[in-house]
1. Scan Lys395, Lys391 and give me the residue that is more than 20 Å from Ser317 (Cα to Cα), at pLDDT 95 or above and out of contact with any Lys or Arg (no Cβ under 8 Å at 6 or more places or on another chain).
2. Surrounded by fewer than 23 Cβ atoms within 10 Å (Cβ to Cβ), over 26 Å from Ala73 (Cβ atoms) and of a type in the set (Gly, Ala, Ser): is that true of Ala278 in this structure?
3. Can you tell me which of (1) small (Gly, Ala, Ser); (2) crowded, with 17+ Cβ neighbours inside 10 Å; (3) more than 19 Å from the chain's Cα centre (by Cα) is the one Ala319 doesn't meet?
4. Just the residues that are in contact with a Leu (Cβ under 8 Å, 6 or more places away or on another chain) and under 17 Å from Ile375 (Cα atoms), please, taken from the stretch 165-182.
5. For Ile344, which of the numbered conditions (1) part of a strand (DSSP E or B); (2) among the β-branched types (Val, Ile, Thr); (3) buried (at least 17 other Cβ atoms within 10 Å of the Cβ) fails to hold?
6. List pairs: first residue in the stretch 333-360 and farther than 23 Å from Ser317 by Cβ, second residue in a helix (DSSP H, G or I) and modelled with pLDDT under 95 anywhere in the structure, Cβ distance under 6 angstrom, at least six positions apart or on different chains.
7. Has the stretch 365-373 got at least one residue that is in contact with a helix residue (DSSP H, G or I) (Cβ under 8 Å, 6 or more places away or on another chain), modelled with pLDDT of 95 or more and over 17 Å from Gln159 (Cβ atoms)?
8. Return yes or no: is Pro398 open to solvent by less than 60 Å² (accessible area, probe 1.4 Å) and in contact with a strand residue (DSSP E or B) (Cβ under 8 Å, 6 or more places away or on another chain)?
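The values are calculated or read from the model by the stated rules, or taken from the named source; none is laboratory data. Just so it is clear, the model here is predicted, and its values are computed rather than measured. Note that we place each Cβ from the backbone using ideal geometry, even for glycine, and neighbour counts take in every protein chain shown. The area values use the complete protein model at the heavy-atom level, side chains included, leaving out ligands, DNA and RNA. Shrake-Rupley method; radii C 1.70, N 1.55, O 1.52, S 1.80 Å.
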Amino acid sequence: MSISRRTLLRNTAALGAFAGAGLPHIWIKNADLAYAAGGEIKVGVLFSLTGTTAIIEESLNKATLLAIEEINAAGGIKGSKIVPIVEDPASDPATFSEKARKLVVGDKCVSVFGSYTSASRKAVLPVFERQNNLYWYPTLYEGRECSKNVIYTGAVPNQQQDEFVPWLVKKFGKKFYLIGSNYIYPKEENNYCKKLLEKLGGEVVAEEYVPLGHSEFSSVINKIRSTQPNVIFSTVVGDSVVALHRQYKAAGLDPEKMPMASLTTSENEVAAMGGEAAAGHFTSAPYFMVHKSPENEKFVEAYKKRWGADKVTHFVSEACYFQTYLFKQAVEKLATSDLTPPNIRDAVKGQEVIAPQGKVRIEPENLHTWLWPKIAQAKSNGQFEILVEAKDWLKPVPYAAYPGQSCTEKGLVEKS
């Protein structure tokens, strides 16, 4: 049977008029049920397995899959299995956006776990906001974002710097050299660092940014020699972390006199560069692999058993792990017929879980996470020694650098 183009257009228009008459809730409801059809709950896993940030993101993929496998082995979520759909965005923001749309629109995932860099998070954000879906972002980041479509489980600047910068000034001195990768995260973290230094009477002797994937730091090393800072404050990411540390060591610089203090260097980058290149430098983060707790011992043991005895855990893979369990708890609160991204978002507000780092909580006001700040020094064996631990968990303040603004349940509010 053939149908003319005119007939097809007329019928399509009629269907549109039908939908506009207030009846499409029937179809929307059926679409919602599809999120848990056949005893399966589809989620996207969107971390780079190739490209410059694969050095860190492949471990985020592994931690997420480990948590999903554990949940499924224990019976799933009220009998439904989590089905991960894994995509490789190849360290490219445009590809992140393309893959995010596939997962949300094409695969009908009820949530997506993904991203390391802020550039990739910013690239996918329009997809999740337009489709009213939910993105679970595990990485420390710069704050200054207030989306109802993202659950932020990594640290924001006040949770990494409020104790770290004063500690560095007291221990080493007030002259800081700021070096970062050239995108929004390092620039906003450095903005907050400069505000703290101003209060402490500190000085920024230089501020420089290098392209993502940059590997030649000879000019940076020469500037460090000439400016003689007390602290090199580093927010370079990915392969660049390895290159910077190795070239620092090759240049004969001394971490006892002029250490690198990082917000981004984890056990994963240390494993890639070798412990000798990392030894003596400092990182501020909510989690380190050596942290003592029953939950962390279980996490580390399970991760090594699943992915290899030589593998390490770190502060972003730990967030990937615990945020998957927060997703589970949120979904458990909902009836199958109510399983939608907005309902999961509302259900996760105020949720707590005993993570490897300690008890964490989703702040209902801004969808960020209460965390446990720590300061640690890298050792030649590839691990860290924790030197300072917060006495209590710290509330996330994503607009700490902008006191005139606040992220609330109603959205971004300008304070008078």
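1. Values: Lys391 fails: at pLDDT 95 or above.
Criteria check complete, one pass: Lys395.
2. no
3. (3)
4. Val165, Pro166, Val169 - these are the residues of the stretch 165-182 that are in contact with a Leu (Cβ under 8 Å, 6 or more places away or on another chain) and under 17 Å from Ile375 (Cα atoms).
5. In the conditions (1) part of a strand (DSSP E or B); (2) among the β-branched types (Val, Ile, Thr); (3) buried (at least 17 other Cβ atoms within 10 Å of the Cβ), Ile344 misses (1) alone.
6. Final answer for the pair search is Thr336/Ala36; Leu339/Tyr35; Leu339/Ala36; Thr340/Asp32.
7. no
8. Yes; evaluated as a whole, the condition is true for this residue.
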